[in-house]
Amino acid sequence: MLKQPSRLRAHALLRKYSEMETAVRRVRPGDADRLREVRLSALRDAPSAFASSFETEVVHPAAAWAEAAEARSSGIDDATFLAEVGPDCVGLIGAFRRPGRPGVVELVSMWVAPELRRRGVGRLLVEQAVAWAGDTGADAVELWVTRGNYAAIAMYRNSGFTLKNEHQPLPSDPCRDEVRMVLEVPRSSAG
Ligand SMILES: CC(C)(COP(=O)(O)OP(=O)(O)OC[C@H]1O[C@@H](n2cnc3c(N)ncnc32)[C@H](O)[C@@H]1OP(=O)(O)O)[C@@H](O)C(=O)NCCC(=O)NCCS
């Protein structure tokens, strides 16, 4: 996974990435280390964006990451998608169903490496997760986003989500609030 780049390194990375395509794929059972690295990078980079924290997850044992990669690699209850540029994992998104709500998929854990932002990687991740939701029979996709996270709110709006008048405390920092956004899955992909 990418480390926080110096300005020079960031330029070199941008040059390198501008020649490569971003690919988004579902996590595989053997991706435990990759999943751990990208998720911890996300928690370290953007602590106020997530319900969990770096301190909570850095102590998860290897077996827990292996179990997560395995569980999210198949089936319709829980999925993680990774964005990759060449050999580097540069982003992720999670999508899951709560028991008893098969028609609704929730998105979580959305993150793109800072040096790759504003290049459509986030949009690609959301598209992939929404397509998965539709293909597996969902008619709505929901998420919670921290109030004031303008980049994320703009990105979700750009992908068709609308803000709902619902909010709750952010579990990792109850001084902050998160707001709900919803997308109706187009019938053609839900069909
Ligand atoms: C939110 C985040 C995932 C966006 O990823 P990204 O790859 O930069 O997003 P994209 O390049 O796909 O942007 C798609 C659209 O979203 C909007 N957008 C994205 N970032 C924006 C910003 N900083 N300011 C305004 N609009 C923004 C734009 O409309 C953009 O389209 P455009 O570039 O054609 O104008 C990224 O900023 C991130 O990882 N933030 C930290 C973690 C986080 O906040 N996660 C969300 C948890 S709910």
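The values are calculated or read from the model by the stated rules, or taken from the named source; none is laboratory data. Being a predicted model, the structure only gives us computed values, none of them experimental. Note: ideal-geometry Cβ built from the backbone for every residue, glycine included; neighbour counts use all protein chains shown.
Would you confirm whether any residue within the stretch 102-110 is outside any loop (DSSP other than H, G, I, E, B) and more than 14 Å from the ligand (Cβ to nearest atom)?
Checked the stretch 102-110: at least one residue is outside any loop (DSSP other than H, G, I, E, B) and more than 14 Å from the ligand (Cβ to nearest atom).
Out of contact with any Cys (no Cβ under 7 Å at 6 or more places or on another chain), over 17 Å from L125 (Cα atoms) and in contact (Cβ under 8 Å) with a residue 24 or more places away in the chain: does that describe V141?
It is false that V141 is out of contact with any Cys (no Cβ under 7 Å at 6 or more places or on another chain), over 17 Å from L125 (Cα atoms) and in contact (Cβ under 8 Å) with a residue 24 or more places away in the chain.
Kindly indicate whether W111 is aromatic (F, W, Y) and within 18 Å of A49 (Cα to Cα).
Yes.
Just give me the residues in the stretch 142-188 being in a loop (DSSP other than H, G, I, E, B) and of a type in the set (A, V, I, L, M), in sequence order.
Result: V185, single match.
Tell me which of these A64 doesn't satisfy, since it passes every other one: (1) more than 13 Å from the ligand (Cβ to nearest atom); (2) within 30 Å of P174 (Cβ to Cβ); (3) within 12 Å of the chain's Cα centre (by Cα).
(3)
Before we move on, is V130 surrounded by 14 or more Cβ atoms within 10 Å (Cβ to Cβ) and near the ligand (Cβ under 9 Å from one of its atoms)?
It is false that V130 is surrounded by 14 or more Cβ atoms within 10 Å (Cβ to Cβ) and near the ligand (Cβ under 9 Å from one of its atoms).
I'd like the full set of residues that are charged (D, E, K, R), within 14 Å of the chain's Cα centre (by Cα) and surrounded by fewer than 16 Cβ atoms within 10 Å (Cβ to Cβ), limited to the stretch 93-126.
R117, R123
From L125, L116, L143, which residue is near the ligand (Cβ under 10 Å from one of its atoms), closer than 15 Å to A83 by Cβ and at pLDDT 95 or above?
Checking each option against the conditions leaves just L125.
Of everything in the stretch 56-76, what is free of Cβ contacts under 8 Å to residues at least 40 places away in the same chain, under 15 Å from V38 (Cβ atoms) and part of a loop (DSSP other than H, G, I, E, B)? Give them in sequence order.
V58, H60
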